[in-house]
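This report refers to the structure that appears directly beneath it.
The values are calculated or read from the model by the stated rules, or taken from the named source; none is laboratory data. Small disclaimer: the values here were computed from a predicted structure and weren't measured. Every residue, glycine among them, receives a Cβ derived from its backbone with ideal geometry; neighbour counts consider all protein chains shown. All accessible areas refer to the heavy atoms of the entire protein, side chains included, with ligands and DNA or RNA removed. Shrake-Rupley method; radii C 1.70, N 1.55, O 1.52, S 1.80 Å.
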Amino acid sequence: MLSPILLYGACALGAVGVMLALPRKTVSPFAIGVLVAAAAFGLALVGLGVSAAQMGAGHLPNIHFYIFSGIALFGALRLITHPRPVYAALYFILTILSSCGLYLILSAEFMAFALVIVYAGAILITYLFVIMLATEGPSADAVEALADYDRAAREPLLATVCGFLLLASLVTILGSGSASLKADPKLALDGQAKLMLMPTRVETILRNARDGVGNPLMKSGDKIARNAQGLPEMKLTGDDRFVKVARAGGNVDTIAATDLPATLKLENVEGVAFSLIGEHPGAIEIAGVILLMAMLGAVVLARKKVEMDDAAKKTAAGRNLVDPALGPASGSGGAA
Amino acid sequence: MTDLLTIAQAAMPAPMPGITLYHYLVVSAIMFALGLIGFLTRRNLIIMFLCTELMFQAAGIALIAFSRFHLNHTGETFVIFVLTVAAAEAAMALALVVLLFRRKETLDASGWSEMQG
Amino acid sequence: MNGMIGSMLMLGDAAPAAAVALPAGPVAALAVVGLPLLACILTGLCAAFKVKSKLPAWITVVSLAAAFVAMVMVYQSVVGQGGGKAHIVHAFEWFNLSWGEGNGQRLIANFSFYIDSLTCLWMLFVTGLATLIALYASEYMSHDVGPGYCRFFAAFNLFVFSMACLVMADNLLLLYLGWEGVGLCSYLLIGYFYKKPSAVAAAKKAFIMNRIGDLGLALGIMLTFVQFGSVEFSVLFDKVRPFIELAREGRFAEIPMSVQAIALLLMVGCFGKSAQLPLYVWLPDAMEGPTPVSALIHAATMVTAGIYLVARFFPFFAVSEYALPTVAWVGTLTAVLAATIGMAQFDIKRIMAYSTVSQLGYMFAGLGVVSMEHLATMSPDQANVALAAGPYHVFTHAFFKALLFLSCGAVMHGFAGQLDLRKLSGVLWMPGWRIVGLAMLVGCINLAGVPFTAGFFSKDMILAEAFSNSHTAAIGWLLLLTAGLTAYYTFRVYFRVFLGPKHYEPGDELHAHDDHGHGDHGHGDHGQARAVAPAAKHDHATHDFHPHPPGWAVNTVLATLAIASILAAGTYFIKWVPGLIATASTAIPVAVHAGHEASGHAAAHAHGTILGMDPHAVMYYVSGVVGAIGIFIAFLLHYVGRTTAATSKADALLPYMGPIPRWAQNKWYVDELYEFLVRVPLLVMAHVFHLIDKLIIDGLVDAVGLAPRGAGWSLRPSQGGVLHGYAASMAAGLGLILLLVMLVMR
């Protein structure tokens, strides 16, 4: 894969960039940091691309990969380096959207949209709500001031070094096997076989498909023929594919393999459905239980009342900088 | 053999070579590392949880990439569960953050260090 | 008849399956041993049932009297009818082990008793004296009636049983059992007043010093077994005969060293038990025990156990080139040393104790001067007389020393524990003390060697033997000097305490012993009163104290002993003891020699002389003169012109003698020397080991404990309570593991 020098050099450069980008008490050279990190990332990708190109044209991911991943990583970087929580959450949404794009080019349409709906649309909104809820009111001297803990990153050097060491080792390990990684054909989903389990779907597809003349392959009223046991007579796997259609007029037709449309394939959603419900039914139940418990737990936790008056709370926080005379005005922004 | 694979990925384009998989894995690893750094660096509790969500994201990308590579939908199924767990965890985490915030009026993670040895 | 009954009643094997088969002895011998044991058990039961009368004393006296009677019967049977030859009486089988067929692979040591004339001699005076002293003790200890009384007599009986086992033992192991038993009882009885720290210390000292000697004895027994394959007397005496032949001709080089070493090792045990140099320092301190104990154990019986061993094992001592001379010289030096110390003491019991040590030295010397070569030049009769000198002195000394101690005890008892001769005077003239005074006089003249007393005859036999052996003339002169010193200090005591102006001061036990019968109640009260107002008590004492003359029991015993001491002189003329020795095992050298008498050895006299004269003829006169000089000096210094109890003319001489009297009074600092040589190094070692224990061993254990503590202490910072810290460590750990995997995969 990547030669070690390139890899580790890119990691080091990226570390430097991230470290520069992290917020600090004085003005943070964020832009420089981003540029450096971007350079590192670019270096890594270029190196990857070169080695991929050396192996053959088909080995490069398409251009969309680069765009989406670039935006995703930029969003991630900004997420961890932005001092303000709200902006961090918004950058996270950007990251999610780019990830969604990555999923699309990986042929996982359902997951892409599920991601947007669930993650960006539910979880992140919740985060935003809580951020709004839990941000304490600005102190008396500056309205736009950041909280102390937001302003400065904690041990940036150590954390960055740790993280990039981890990254280096991860990438090395992942890379050491990827070139020779081969898909196991036994694991491959036989989409046509699954489609055979869905005669109604087949009928819908055939009704929407047009043959070379422009006629639909199946008209309304046509059904797939059933044999004596009531099973649909069609075979979509193998070389001898056919579909027996019982026309509305009563005669039985056979659509041969050459006539079958190209759209007669398993959609992503259907595939996921077969995998999810067909192969992991227990996990679904468990997931449901998890969600139930989370819901209950959240309700229970959020109901707990903490009986402390404002002054005591502020003292507990160690931030009793506010003039007690101005108590209500400054405390109201943060109180639950 | 190859046409079996071709036919098998009825909804997928051509099989993914290993190195392309590696591209996606690298991206996932970088995102994970960034999330880890963010978790270790930031002191705002909510930002820390956001970073954990970022790590979930990275895992998700890796899973989908593997799913695509192995030409089945098991990875995507798994990502559904990851999503589920992430949601549950986010709910609990935020409830706890709210409680903690109520107690001390601060989101500073270093404010809670009483359980020390 | 006794023999027949004995043989019918024997349990187990008749005689040991060795080469020698000895005739069975009278079964009365079992009574001699068994009766004291029975009495011990009964008095122990008295203690358990908290008897508060004098019952234990009567049990003891009756049992011991019966044992004495039994002993007389045994004497009649063995010596009268059996000719004094050895008889075996078997009680029960004790050790009968065999682990092979060869020599030295069979150990037989049974509870059997070897009774010959030597045994009879010893046991007669042991049981006789024990009876009399038990009677004396019944009155002497009567203030202590209760558990202490029972304890005393139980230990007393146990002592007599152990002594019987020792003297009558058929094998070395049973002898050792008795040896240890008497040591134990000595410890118990010296420490009878266990609340007195000095008594407890004295008991420990006695026991420990005895143990040092016992080590030698034990090694000697082991060596005997290794060398001869048996510990039974009959077998051993048979096997030593060839060596005696060699020794008679002076060919000691041909006798193996291991055989010679047996006597040397046994000798160490004798020195410990019989209080010779260097193991004598326990005996004076043993006077802390009650006087009956001092009289019985430390004058007449236990301390003679060492001499008994030498006498019994004389054949072994004879074949050892250096043993007998060592015994003689150690005895002599001890005699001189103890006499000098005795001259400077003021406590009359201590003086008697030192005189015991000195006389024991005499007895050892008496046995030690008789070497095989010397015996070879004598006729059998002369040889028997020579060998009998030591045992005869034991016999007579037992009587008069017991008498002396008991008299001192009566004085002590009557004057509330006063023993200082500077504070007592003229006791003979006080009413009720006549018998005590006269008894003491009898004892003193015996000890000083006034002519025609038993002590005179026995001491003279020893002196004559010392001079008649030309190699031991120096010993003779030293013993003669000691005789003079003995006479001096003995009559110093008598002239100071019993004669002269009447004066007395009560001793320390004023309130404890004054009111007889009040027992603990009185003791407790007065103990407190003593602490509060000593001055007042003293006034009260000098005004109200009256000496308490002894009662009928004490007087009876003293009178009996005095008469016995006088009568013992008669045994000299009938040559009773030499006759006994002639058939005892002691005389085996003589018996061996007897076959050669005819070849004319008797003619070649190489006798030593004293001042050119034959010792046997003139010894009486010489020692009589020496004794008279000693008594005369004591008379001059301590009687003439003495008006007070505290001082005498001797005190006027003190400045001219420099530091010597003070050194003698401090016992020549021997105790301090032992303290320095033995106790201090041991104490230092103990401290060193204590330190090692504390620092190193405990330190090791603590160090083992430090490991978990250290581990915990080092791991503690990782629990900082800060969330980021934990996350960072998790990430770092993950990174490390991945790195490891990476490196391993390479």
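As an exercise: evaluate B:Ala93 against (1) within 19 Å of B:Gly35 (Cα to Cα); (2) open to solvent by 20 Å² or more (accessible area, probe 1.4 Å); (3) touching a Ser or Thr at 6+ places or on another chain (Cβ under 9 Å); (4) more than 7 Å from chain A (Cβ to nearest Cβ) and give the number of the one condition it does not meet. Tallying (1) within 19 Å of B:Gly35 (Cα to Cα); (2) open to solvent by 20 Å² or more (accessible area, probe 1.4 Å); (3) touching a Ser or Thr at 6+ places or on another chain (Cβ under 9 Å); (4) more than 7 Å from chain A (Cβ to nearest Cβ), B:Ala93 fails exactly one: (2). Here is the figure for region A:259-289: residues that are assigned to a loop (DSSP other than H, G, I, E, B), open to solvent by 40 Å² or more (accessible area, probe 1.4 Å) and more than 9 Å from chain B (Cβ to nearest Cβ) total 2. Condition check for B:Leu71 on (1) of a type outside the set (Ser, Thr, Tyr); (2) outside any helix (DSSP H, G or I); (3) under 24 Å from A:Ala294 (Cβ atoms): one failure, at (3).
Residue pairs whose Cβ atoms lie under 6 Å apart, sitting 6 or more positions apart in sequence or on different chains, and linking a residue in region C:192-207 that is surrounded by 18 or more Cβ atoms within 10 Å (Cβ to Cβ) to a partner that is in a loop (DSSP other than H, G, I, E, B), are C:Tyr192/C:Gly289; C:Tyr192/C:Pro290; C:Ala199/C:Gly191; C:Ala199/C:Phe193; C:Ala203/C:Gly191. If the condition is being open to solvent by 10 Å² or more (accessible area, probe 1.4 Å) and either assigned to a helix (DSSP H, G or I) or closer than 13 Å to C:Gly366 by Cα (or both), then region C:439-455 contributes C:Leu441, C:Val442, C:Ile445.
Among what's in region A:97-107 and is at the interface with chain B (Cβ under 7 Å from one of its Cβ atoms) and within 10 Å of the chain's Cα centre (by Cα), pick the residue that is surrounded by the most Cβ atoms within 10 Å (Cβ to Cβ). If you could, list the steps in order and put the result at the bottom.
Initial filter on region A:97-107 (at the interface with chain B (Cβ under 7 Å from one of its Cβ atoms)): A:99, A:102-103, A:106-107.
Filter again for within 10 Å of the chain's Cα centre (by Cα), leaving A:99, A:102-103.
Values: A:Ser99: 31, A:Leu102: 27, A:Tyr103: 27.
Among those residues, the one meeting the criterion is A:Ser99.
Looking across region C:371-417, the residues that are in a helix (DSSP H, G or I) and small (Gly, Ala, Ser) come down to C:Ala376, C:Ala383, C:Ala386, C:Ala388, C:Ala389, C:Gly390, C:Ala398, C:Ala402, C:Ser407, C:Gly409, C:Ala410, C:Gly414. Per the conditions (1) in contact with a Pro (Cβ under 8 Å, 6 or more places away or on another chain); (2) part of a helix (DSSP H, G or I); (3) modelled with pLDDT under 75, the sole criterion not satisfied by A:Glu144 is (2). Remark: pairs (first residue in region C:38-63, in contact (Cβ under 8 Å) with a residue 40 or more places away in the chain; second residue among the aromatic types (Phe, Trp, Tyr); Cβ separation under 7 Å; 6+ apart in sequence or on different chains) = C:Cys40/C:Phe161; C:Thr43/C:Phe153; C:Pro56/C:Tyr149; C:Pro56/C:Phe153; C:Ala57/C:Phe153; C:Thr60/C:Phe153; C:Thr60/C:Phe156. Pairs meeting the criteria (first residue in region A:36-47 and over 12 Å from A:Ala12 (Cα atoms), second residue open to solvent by 20 Å² or more (accessible area, probe 1.4 Å), beta carbons under 6 Å, at least 6 apart or on different chains) are A:Gly47/A:Leu2; A:Gly47/A:Leu6.
Given the options C:Val259, C:Val240, C:Val268, name the one that is open to solvent by 10 Å² or more (accessible area, probe 1.4 Å) and farther than 27 Å from C:Phe153 by Cα. Outline the logic, then answer.
Numbers: C:Val259 fails: open to solvent by 10 Å² or more (accessible area, probe 1.4 Å); C:Val240 fails: open to solvent by 10 Å² or more (accessible area, probe 1.4 Å).
Step by step, each of C:Val259, C:Val240, C:Val268 is checked, and only C:Val268 is open to solvent by 10 Å² or more (accessible area, probe 1.4 Å) and farther than 27 Å from C:Phe153 by Cα.
Select from region C:688-736 the residues that are part of a helix (DSSP H, G or I), open to solvent by less than 100 Å² (accessible area, probe 1.4 Å) and β-branched (Val, Ile, Thr) and write down the one among them that is farthest from the other protein chains (Cβ to nearest Cβ). Across region C:688-736, the extreme among qualifying residues is C:Val688. Only one entry of B:Met16, B:Met12, B:Met55 meets the criterion of being more than 7 Å from every other protein chain (Cβ to nearest Cβ) and at pLDDT below 85, and that entry is B:Met16. Of all residues in region A:159-194, those being more than 7 Å from every other protein chain (Cβ to nearest Cβ) and closer than 24 Å to A:Ala12 by Cα number 3. Restricting attention to region C:114-144 and to residues that are under 20 Å from C:Ala28 (Cβ atoms) and open to solvent by 10 Å² or more (accessible area, probe 1.4 Å), the residue that is farthest from the chain's Cα centre (by Cα) turns out to be C:Tyr114. Criterion first (surrounded by 12 or more Cβ atoms within 10 Å (Cβ to Cβ), in a loop (DSSP other than H, G, I, E, B), of a type in the set (Lys, Arg) and not assigned by TED's automatic domain parsing to the domain that holds A:Tyr8) does A:Lys219 satisfy it? Yes: the conditions hold for A:Lys219. Only one entry in A:Leu79, A:Leu124 is touching a residue at least 12 places away in the same chain (Cβ under 8 Å) and within 7 Å of chain B (Cβ to nearest Cβ), namely A:Leu79. Take A:Pro85 and tell me if it is touching a residue at least 60 places away in the same chain (Cβ under 8 Å) and within 8 Å of another protein chain (Cβ to nearest Cβ). Yes, satisfied. If you scan region A:10-33, which residues turn out to be in contact (Cβ under 8 Å) with a residue 24 or more places away in the chain, over 16 Å from B:Ala33 (Cβ atoms) and open to solvent by 20 Å² or more (accessible area, probe 1.4 Å)? Across region A:10-33, the qualifying residues are A:Arg24, A:Lys25, A:Ser28, A:Phe30. State whether the residues of region C:429-438 include one that is open to solvent by less than 10 Å² (accessible area, probe 1.4 Å), small (Gly, Ala, Ser) and either under 30 Å from C:Gly368 (Cα atoms) or modelled with pLDDT of 85 or more (or both). Yes: one or more hits. Does C:Leu673 satisfy the criteria of being of a type in the set (A, V, I, L, M), over 30 Å from A:Ile173 (Cα atoms), open to solvent by less than 100 Å² (accessible area, probe 1.4 Å) and within 54 Å of the chain's Cα centre (by Cα)? Criteria met by C:Leu673.
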